[in-house]
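Data first, discussion second: the structure below is written as structure tokens.
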Amino acid sequence: MKLAANCKSFVLPLLLCMLFCLGAPMLVCAQGSMVRNCSEIEGRRLVLPQVAAGQHHSLALRQDGQLWGWGDNICGQVGNGGGTVGSVQTTPALIADKGFLDIAAGYEHTLALKNDGTVWGWGANDEGQLGGVGPGNHSVPKQIPNLSGVVAVDCGEYFSMALKNDGAVWAWGKNDYNQLGTGNPALVSRLPQQVKGTGGSGYLNNVKAIACGSVHSLALINDGTVRAWGAGSWGNLGNGEDFSESIYPVRVSNLTGVKGIDAGRYFSLALINDGTVWAWGSRNWVGCLGDGGLEGYVTTPQLVRNLSKIVAVACGTEHSLALKDDGRILAWGGNYGRLGDGSNIDRAIPVLTSGLYTGVIAVAAGEQHSLAWKDDDTVWAWGSNHHHQLGGDYSSQVPEPVNDVPQLTRALTGLSIKEVGKSGELLTCFTPEATGYNLTLENPVERVKITPVPVSGATAVVLILV
């Protein structure tokens with residue numbers, strides 16, 4: 001969920017000026033630089049706005065690296081130092097001021113990836129889902145030992161996974177359905193272990209994305225195919241079998257060209273390069289498959305109806321969200337307000353989420369609520385609010401803004417900063433409309449401050465990785 005552009009890289013001096021004159025934008029002026037087109041630079045990632053939804057808690061990661069959390073905090077899963085019996089964080093609280101790159105929310109625990117490749121966790125640890133940080137609940141982020149070089153994290157119900165920069169997958173936590181995929185028969189693993197390869201041969205590699213369901217797991221391979229392991233009840237491994245359990249990864253049938261994956265309680269989704277979405281598994285009593293029926297399940301992927309030009313998908317416990325390329329959201333499955341269509345009616349075919357008709361860039365689905373991030377830097381929530389996971393006072397059948405996550409004052413349109421070079425210099429690119437900003441290098445290896453000139457005292461920050 002994130003900044004994009006095309007570009008040739010070049011060295012930017014410590015001070016780059018792009019000023020407004022009498023309210024009208026001037027040409028970009030920069031010593032030793034020029035406006036040019038850009039191409040993607042591999043190996044570097046920006047912090048891109050993200051939302052994550054657990055059972056009853058919510059998270060929002062801003063573009064400047066600030067991480068906010070709210071909702072159920074009985075196990076410390078919000079991460080702000082609370083976490084007592086009956087505790088709830090009623091409004092968003094600041095968890096960290098900078099440093100996090102990726103976030104994931106489980107049943108009662110949370111994971112976050114730092115820009116140095118380390119993984120941090122907080123919340124419940126009764127099943128080892130925090131990976132050896134110590135017994136008991138943890139109400140502030142703790143580094144998970146024996147993990148480095150990580151590029152993505154995800155949470156299942158009581159287990160966790162990490163994808164490393166070498167394409168390998170590591171897992172830890174509860175293993176009662178072999179959802180860890182490590183071949184270890186132990187019911188709990190309190191330290192990260194590497195996931196075995198397909199059929200138990202070697203180790204899983206060439207992975208570019210991971211997803212955790214309640215008790216099953218998915219991995220997207222670089223060749224566009226998908227592997228699944230763990231509980232196979234109701235066909236959620238997608239390999240043509242039902243009521244099976246796989247100790248090791250198996251290939252999901254009939255899927256190629258996949259670019260995104262996610263998993264719910266008993267079902268899974270795959271986003272294809274052509275913008276369509278495929279679903280399998282389900283115990284589909286509330287329409288999780290999006291095929292027009294409220295009952296049944298399937299053991300191999302089938303097309304979700306009425307979806308096209310989809311760029312991202314998110315699975316909750318019993319519902320799903322699909323983000324279109326025009327910034328709208330379509331939702332299906334169990335409702336209770338979490339589809340955001342103004343009703344409590346379960347939907348077996350995707351319906352449009354009300355009120356968010358443009359500008360959505362990230363979505364997340366929890367057990368009974370949903371979240372969205374818009375390109376104007378606002379966070380929205382809908383569904384059940386019994387644990388204040390919406391960040392307000394009432395449940396809502398349509399999206400409502402989460403008012404206490406502070407906005408950056410201006411979206412960074414027309415600007416793409418791609419990486420810091422090996423010697424610490426800033427490599428960046430601009431498009432002609434990128435005017436009206438003062439840019440100063442605050443720390444060569446961490447951040448660039450972008451201050452919109454027309455807005456007095458306004459500041460926006462972009463994290464840069466090295």
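Within the stretch 201-217, is there a residue that is under 21 Å from S268 (Cβ atoms), free of Cβ contacts under 8 Å to residues at least 40 places away in the same chain and open to solvent by less than 10 Å² (accessible area, probe 1.4 Å)? No. The residues on offer are A312, A348, A322, A364, and the sole one that is touching a Cys at 6+ places or on another chain (Cβ under 9 Å) and either open to solvent by less than 10 Å² (accessible area, probe 1.4 Å) or in contact (Cβ under 8 Å) with a residue 60 or more places away in the chain (or both) is A348.
So which residues in the stretch 144-163 are among the hydroxyl-bearing types (S, T, Y) and farther than 10 Å from T118 by Cβ, if there are any at all? Residues satisfying the conditions are Y158, S160.
Report, by residue number, each residue of the stretch 226-252 that is open to solvent by 30 Å² or more (accessible area, probe 1.4 Å) and either over 26 Å from V188 (Cα atoms) or under 19 Å from the mean Cα position of the chain (by Cα) (or both). G240 - this is the single residue of the stretch 226-252 that is open to solvent by 30 Å² or more (accessible area, probe 1.4 Å) and either over 26 Å from V188 (Cα atoms) or under 19 Å from the mean Cα position of the chain (by Cα) (or both).
The values are calculated or read from the model by the stated rules, or taken from the named source; none is laboratory data. The structure presented is a predicted model; accordingly, all values stated were derived computationally and were not measured. Backbone-built Cβ (ideal geometry, glycine too); neighbour counts: all protein chains shown. Remember, those area values only see protein heavy atoms, side chains included, never the ligands or the DNA or RNA. Shrake-Rupley method; radii C 1.70, N 1.55, O 1.52, S 1.80 Å.
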